[in-house]
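All remarks here apply to the structure that follows.
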There are 2 protein chains.
Amino acid sequence: MSPIVHRRNLDFLLYEALDFDAVLAAPPFATYDRADIAAVLDSVQTIAEEQFLPCAADLDAHEPHFCDGAVRVDPRVRRALTACADAGLFSAGFDHDVGGLRLPMTVTVLINGILAAANIGIANYQLLTVAAANMLATFGTDEQKSLYLPPMLAGRWFGTMCLSEPQAGSSLSDIRTRAEPLEGRLHRITGTKMWISCGDHDLTENIVHMVLARRPDGPPGVKGLSLFIVPKYRLNPDGTQGPFNNIALAGLNHKMGQRGTTNCLLNFGEDGDCLGYLLGEAHQGLTCMFHMMNEARIGVGANSVMSALAGYLCALDYARTRPQGRSLRNKDATTPQIPIIDHADVRRMLLAQKAAVEGGLALSCYCTLLVDRIAATVDEGQRRDLSLLLELLTPIAKSWPAEHCLEANKLSIQVLGGYGYTRDFPVERHYRDNRLNAIHEGTQAIHGLDLLGRKVRMADGWAMDLLVLEIGQTQDAAEADGSFAAEVDALHAALAHLGRATRAALACTDTERATANATLYLDAFGQITVAWLWLRQAVAASRALARDGASSGPDADFYQGKIAACRYFFRYELPHALPLLGLVERLDRTCLDMTPAQFLGC
Amino acid sequence: MSPIVHRRNLDFLLYEALDFDAVLAAPPFATYDRADIAAVLDSVQTIAEEQFLPCAADLDAHEPHFCDGAVRVDPRVRRALTACADAGLFSAGFDHDVGGLRLPMTVTVLINGILAAANIGIANYQLLTVAAANMLATFGTDEQKSLYLPPMLAGRWFGTMCLSEPQAGSSLSDIRTRAEPLEGRLHRITGTKMWISCGDHDLTENIVHMVLARRPDGPPGVKGLSLFIVPKYRLNPDGTQGPFNNIALAGLNHKMGQRGTTNCLLNFGEDGDCLGYLLGEAHQGLTCMFHMMNEARIGVGANSVMSALAGYLCALDYARTRPQGRSLRNKDATTPQIPIIDHADVRRMLLAQKAAVEGGLALSCYCTLLVDRIAATVDEGQRRDLSLLLELLTPIAKSWPAEHCLEANKLSIQVLGGYGYTRDFPVERHYRDNRLNAIHEGTQAIHGLDLLGRKVRMADGWAMDLLVLEIGQTQDAAEADGSFAAEVDALHAALAHLGRATRAALACTDTERATANATLYLDAFGQITVAWLWLRQAVAASRALARDGASSGPDADFYQGKIAACRYFFRYELPHALPLLGLVERLDRTCLDMTPAQFLGC
C-alpha cells in the first residue's frame, strides 16, 4: 500500500462516481484513454515516492537558509523537480503547440496533488511555475510566450505570483508597487512584495515573477492594477540569461509548515532599475490574475485534501498494526492486546478522515471535471452553465478542504497518540502544512464574502439553480436505488434550509449585516455540497455491489466502505451545517454588534 | 495590557461569577484575603513576563539536546525556575508544616497557568515537580517525606511521572516494568518508560521519578501495579546526593510543540541496579497515581486554556492595530484602511476565542474551587457531594479545553493571516503547544469512556443530579434577571437531551455499543457545562451592570462583553452539542460496524 496514493479510490471517483470517460471521449482529450491516464499517474507516483517522499522530513527540519548572499535549498529539491521536468510534468496541461501533453486539468491537479501528498514543500515549485506559465500562455504576446514558456515548461525556470505586500494582504486595493511606463510594454518596477512563495532560491537559472503593480495613469483600487512579467535576470534578445534585474531578497519568512518552500519578502528596483513587461492589457491585471487564481484555488483545495490523505493513510496503517488495550467486554489483562482499529472511537476518527479525504477529493475532481468539460464542449449555453457552476463552487473547493481536511490531519495525530505528536511520524507535519490552506489564495473570510456576496447572486441565482439541478439528479438516482431514504430526506431538508438562508441574506439591503456570517454560510454550503457528493459515491457503490453480486472480497469491502462513509457523513457531519444556516437566515448580528472595547473591557 | 494575563477577568471569575470569597473565609485559607491573592498573582505575572516570556520562542526553536552524555537545557530555563523557587511557587499549595504557603488550589493552578501562558516548556517542570511532591506528601512515610520533600519544594530537585511504556500508553494494564522486592520498601527496578516529560535534564542535582511498576506477587492488570520513588541519584543516609541509580536516557522525543520540555525514553536498571522505594501500599499504585492524576488533569485543562488565552490576547492586539480593507459599504480605495477588528468575521473569530478562553477558565476555576471547598468543609455529606461533582467534571475540565481552546488557537492564527503562520508571532507556537493536551493525561477517548462508562453511573447517578441542581440555581437566577429567556430555554432543552442520551446509554447492556460515541458525549457534556458557566457569568455581569448603573466606560464594556460572549456561546456553539447527543441517544453504530477492510478495500 502506498503511503500517499489510494489509486482504487481515484479510479472509483473518476470512472464510477463521476464521468471522466466522457471527458476522455471529447476532442481535446480523445487521444487519451484510461490506460494512458493510469500510466501518467503511475509515473508520477514513482517520482513522488522515490524523489519527494524520502526527503520530506529533512526538508521540514532544515529550512532553506540565506548564506553568502543567496538562498540555499537542499539539492534533493532540484533533483526531484528535474525528475518532474524530465517526465514532462511541467507542461502536462499545456497545448501541443507549446510542447505540452494537453492532459485534462483533472489529471494535472492529481499530478501536483500526488507530489504534494509526498512533499508539499517541493510540489509548490511546480504548482506555481505551471500557474505562472498558464497565465503567460493565455495573455502573453507571441514574443513573451516564445521567450518565457519554453524554459518554464521545461522546468529550467520557475515562476511565482507576486500579489501581497506588507500592508496589502487580503486587500489588493491597497497594492502600492509602482510600474512606470518606459516604452511599449516595458516598465520600471519599484515596490515590496510579501509572502512570495518560491520567491528566491538557487534551484533554477532564472525566476519569472508575475507582479501586480500600479501604473501612474490608473484609477485607485483594484481597477488600477496591471500585471507584469518581471524576471530575476533580464533576458538577452536571444532569450539567454542577461544581467540581474535588481530584485532583492529582503527576508525569508519562517513558517509553521510547508517549510521546504521558500517564502520571501522581495524588494523590486531598490538598488537599480528593475524592468517589467506588461502582460495583457493595462489596468486589467486583476482579471488576468484571477484567471490563474481560480485554477490555483482548486489546486490548493486539492492539495489540502492530499495532505489529509497522507495523514489518513499513515493513521490507518498505524491503527491496523498498533496493539493497545482490549475489548470493553474483556477484562482479562493476560489476553493479548488488540489492534487499536478495533476500538470504536479509533474507527470513528478514521471514518471522519475517510469522509473528509474522499469527500474532498470528490469535490476537487468534480470541479476540475467542470474545467475539462468547459474546454471540451462546443455548446455555448452549456459552456455558460458549466462556467457558472464552476465559479459558484470554486470558493467551496478551496475552503472546505482547508477546514475539514485540516481537522482530518488533527485526527490522524490523535490516532497515533503520543507518537503522532512527534516528528518521527509524518502526521504532525501534514497538520502543520495544511494549516496554511485556510490562509493563502484567499482566507476563509474572503471566500465566504465571495460566495454569499457575489457568487450566489450571479445570473439572478441561476448558478445556484444549476447546482440544485445537479444535486436533484443524484437524489433521483438515490431514490431509485431505494437504500438511501434517510440521506435523500436529509439532503432535501438541508438544501431547503440553504435556500432560506440564501434568500434571507440576499433580501437584506445592509450588506454588512447580510454577510456578517458569510464564513459560516461558506462552511455550511460546503458541507451540503460534500454530502451530495458522498451520496453520489454511495449510489455508485450500491450500483456496483448490485452489479457484481459479491458480498465479500476487496471490491465488496471497498463499496461497502463507501456506503458506510456516506452514512457517517450524513449522521455525524451534515447536521452541524444546520445551526450555521440558522444564523445566516436570522441575520444574526451578535458578532457584528460586539465592540472592540467589549472584548477585554479595556 | 499584559500579553499573557487578563486580571480583570480573573477577578470577575473568582469574586463575581464564582464565590472564591467563601473559600478565603474558611479555616484552611482564612489567613488570606483578596489583597494577598492579588499580590501572589502579581509576583507570578512579573516572573512570567520577565523570565518565562522572553525566551519562549528561542526554546521552541532550539530544543534541549543530547551532548557529551547529558541533556543540555538552555540556562535561561534554570534561571526562570530558580525565580519561581525563590518566590515560593513550588511549595505554594503545600501545608505550613512542610514549609508551604497552603494557598488554595484555585490559586496554585493559576500560578502554573500564568507561567504556562508565557512559556509552557518551562512551566511543565514546575507542574510535574509539584504533582510528584503532592503524591509524596500524601502517601509517603515520614522518612520519605523528610528526604524528598524539602529539596523538591525548594525547587532544587525536580519530579516526574513514569506511567507509559512503549507498548503501554493508554493501556496501563500492560505496564511491564518490574519491581523486585529487596528489603522493606526497597526494590530493584527494571524496565523502560516512554513519554517521560522532564525525564532527564541538567537543571537540578537530582530528579525524583514516580514510577508505576509491577511486583512479582501482584495480580495481572492495573491491580498489580505499585508506585515507587526512583531517584536519578541515590540518596546518602543524610539525604545528600549519592551514586548514580542507573536510569539511562535511551532517547529524546522530538515533539511538535512544548519543545522546551524534555521528553524522554528512560531505561531503568539496564546496566546496574536501579533502586526504588515503595510509595504507599503494594498493588495500590494506580490509586495513588490517580490522586495526582486527577489534579494534574485539571491543571492540564487550565494550561490548555492559558495557551489559548495567550493566543487570543495576541490576536486581539493585532486585530485592533492592523489596518486592512474597508467597510463593505465603502468602495473608495483612496480612504484609509480600517483596523481588521472592524470586520464582522474577525469579530466572530475573536468572540469564539473569548468564549473558549473565558468559558474554559470558568470551568477550570469552578473545578479547583470544588477542590478547595472539599478541603474547607467539615460537613461529611457536603464533602461527599462536592467530591462526586469534582469526579464527574474532571474529564470535562481536561478535555473540553483540549478541544475548544485548540480551536481558539487555530483562530488566533487565522486573525493574523500569513503573519500568524510565521514564527515571528507566538500564535502558531501556542497552537502547536496546545495540540498535546488532547493526548497526554488521558486521551479524549479515555475521558469519554471514563465519563459515560463510569462517572455518570456513580452513586446511582447522584453526581449528575448534583450538577443539574447546580445548573438549576443559575437558571433560576437567570430567570429572575429577565434578560436571558432564550438562554434558559436552550440550556433546559440541552440538559433534557443530555438526560435522554445518558439514560439510553446506561440502559444498553452492550458496553461497546453504549460507549461507541462516548467521545462525542464527552464533547456535548462539556459544551453544556460551559454554556451553563457562561450563563452564570452573564447573570453576574447583568447584576453588576444593574448595580453600577453605568452604560459606558471600561467596566460597562467588560460586563456587556460578558453578556455578548454568553449569547455568542448559546447561538453559535451550544447548538453543535445536540446532534452529538442524538447519536448517543440512538446508540448509533455506524463507526462500530465499520470493518478494517472497508476503509480502503484492501
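The values are calculated or read from the model by the stated rules, or taken from the named source; none is laboratory data. For clarity, every value in this text was computed on a predicted model and none was experimentally measured. Cβ atoms come from the backbone with ideal geometry, glycine included; neighbour counts cover every protein chain shown. Surface areas here come from the heavy atoms of the whole protein model, side chains and all, with no ligands, DNA or RNA. Shrake-Rupley method; radii C 1.70, N 1.55, O 1.52, S 1.80 Å.
Model label points for A:Phe290 and B:Thr138, set 7 angstrom from Cα along the Cα-to-Cβ axis, are 6.4 nm apart. Projecting 7 Å from Cα along the Cα-to-Cβ direction, the label point of A:Asp42 sits 7.6 nm from its equivalents in the other copies, listed shortest first. For chain A, the longest principal axis of the Cα atoms and the long axis of helix A:344-376 meet at an angle of about 50 degrees. Placing unit charges on each Cβ (+1 for Lys and Arg, -1 for Asp and Glu) gives region B:503-602 a dipole about its Cα centre, and among B:Ala516, B:Tyr568, B:Met594 the Cα reaching farthest toward its positive end belongs to B:Tyr568. The distance between label points at A:Lys223 and A:Ala22 comes to 4.0 nm (points 7 Å beyond Cα on the Cα→Cβ vector). Counting Cβ atoms of other protein chains within 10 Å of each residue's Cβ and taking the mean over peptide A:5-12 gives 1. Each residue of region B:49-57 was assigned a 3J(HN,Hα) from its phi angle through the Karplus expression (A = 6.51, B = -1.76, C = 1.60, θ = phi - 60°), giving 6, 8, 10, 8, 5, x, 9, 4, 5 Hz with x at Gly and Pro. A Förster distance of 56 Å, applied to the separation of the beta-carbon atoms of B:Ala38 and A:Ala57, puts the FRET efficiency at 0.70. Taking the alpha carbon gyration tensor of the protein assembly as shown, multiplying each eigenvalue by 5 and rooting it gives semi-axes of 50, 33, 32 Å, largest first. Seen against the Cα atoms of chain A and their longest principal axis, helix A:105-139 is set at about 50 degrees.
Taking amide H atoms as placed 1.01 Å from N in the peptide plane, the amide H of A:Gly251 lies under 5 Å from those of A:Leu265, each 5 or more residues away in sequence or on another chain. The angle between the Cα long axis of helix A:485-507 and the main principal axis of chain A comes to about 40°, on a 0 to 90 degree scale. Here is how far apart the A:His65 label points are across copies: 1.0 nm, shortest first, using a point 7 Å from Cα toward Cβ. Across region A:526-536, rounded Karplus estimates of 3J(HN,Hα) from the backbone phi angles (6.51 cos²θ - 1.76 cosθ + 1.60, θ = phi - 60°) give x, 4, 5, 4, 6, 4, 4, 5, 6, 5, 4 Hz, Gly and Pro being marked x.
Remark: accessible area buried at the A-B interface is about 9300 Å², both chains counted, probe radius 1.4 Å. Taking the centroid of alpha carbons for each part, region A:514-583 and region B:392-448 are 28 Å apart. The label-point distance for B:Arg156 and B:Asp317, in a model that sets each label 7 Å from Cα toward Cβ, rounds to 3.8 nm. Based on Cα contacts under 8 Å between residues 6+ apart, region B:1-133 shows a relative contact order of 26 percent. Each copy carries A:Leu186; placing its label point 7 Å along the C-beta direction from Cα gives inter-copy distances of 9.2 nm, listed from smallest up. The 1.4 Å probe gives accessible areas that order B:His447, B:His254, largest first, as B:His254, B:His447. Maximal additional length on extending the B:Ala480-B:Ser551 stretch stands at 23.5 nm, based on 0.36 nm per residue less the C-alpha distance. Positive-end ranking of B:Gly325, B:Thr335, B:Val300 along the dipole of region B:278-350, with charges on Cβ about the Cα centre, is headed by B:Thr335. Among the aspartates and glutamates, select those whose C-alpha is under 13 Å from the C-alpha of A:Lys410, and discard any that sit fewer than 8 residues away in the same chain. By straight Cα distance, A:Lys410 reaches A:Glu428, A:Asp433, B:Glu403, B:Glu407.
Diagonalising the gyration tensor over the Cα atoms of region B:431-564 and scaling each eigenvalue by 5 before taking the square root yields semi-axes of 34, 20, 11 Å, largest first. Of all aspartates and glutamates in the structure, those lying under 13 Å Cα to Cα from A:Lys232, and not within fewer than 8 positions of it along the same chain, are A:Asp200, A:Asp202, A:Glu205, A:Asp273. Applied to region B:409-420, the Karplus parametrisation 6.51 cos²θ - 1.76 cosθ + 1.60 on θ = phi - 60° returns per-residue 3J(HN,Hα) values of 4, 4, 6, 5, 4, 4, 4, 7, x, x, 4, x Hz, with x for Gly and Pro. Dividing the convex hull volume of the alpha-carbon atoms in region A:22-158 by its residue count gives 107 Å³ per residue. The order of A:Arg589, B:Arg215 by accessible area, most exposed first and with a 1.4 Å probe, is A:Arg589, B:Arg215.
Size of chain A: Rg and Dmax of its alpha carbons, in Å, are 24.5, 85. In region A:419-452, burial by the other protein chains removes 30 Å² or more of 1.4 Å probe accessible surface, compared with the chain on its own, from A:Tyr419, A:Tyr421, A:Thr422, A:Arg423, A:Tyr431, A:Arg435, A:Ile439. Mean per-residue shielding of peptide B:563-569 is 3, counting Cβ atoms of other chains within 10 Å of each Cβ. Averaged over its residues, region B:507-602 has an accessible area of 30 Å² per residue, based on protein heavy atoms and a 1.4 Å probe. Just to be sure I understand the interface: list residues from region B:324-341 that lose 50 Å² or more of accessible area between the chain on its own and the complete protein assembly, 1.4 Å probe. Correct list: B:Gln324, B:Leu328, B:Arg329, B:Ala333. Go through A:Lys354/A:Lys398; A:Lys255/B:Lys331; A:Lys193/A:Lys398; B:Lys145/B:Lys223 and tell me which ones have a Cα-Cα distance over 30 Å in this structure. Pairs exceeding 30 Å: A:Lys255/B:Lys331. Quantify, in whole percent, the carbon and sulfur part of the accessible surface of the protein assembly as shown (1.4 Å probe; protein heavy atoms only). With neighbouring chains kept in place, the figure for the protein assembly as shown is 53 percent. Multiplying the residue separation of B:Ser2 and B:Ser146 by 0.36 nm and subtracting their alpha-carbon distance yields 47.9 nm. Chain B residue nearest by beta-carbon to the axis mapping B to A, with distance in Å: B:His576, 3.
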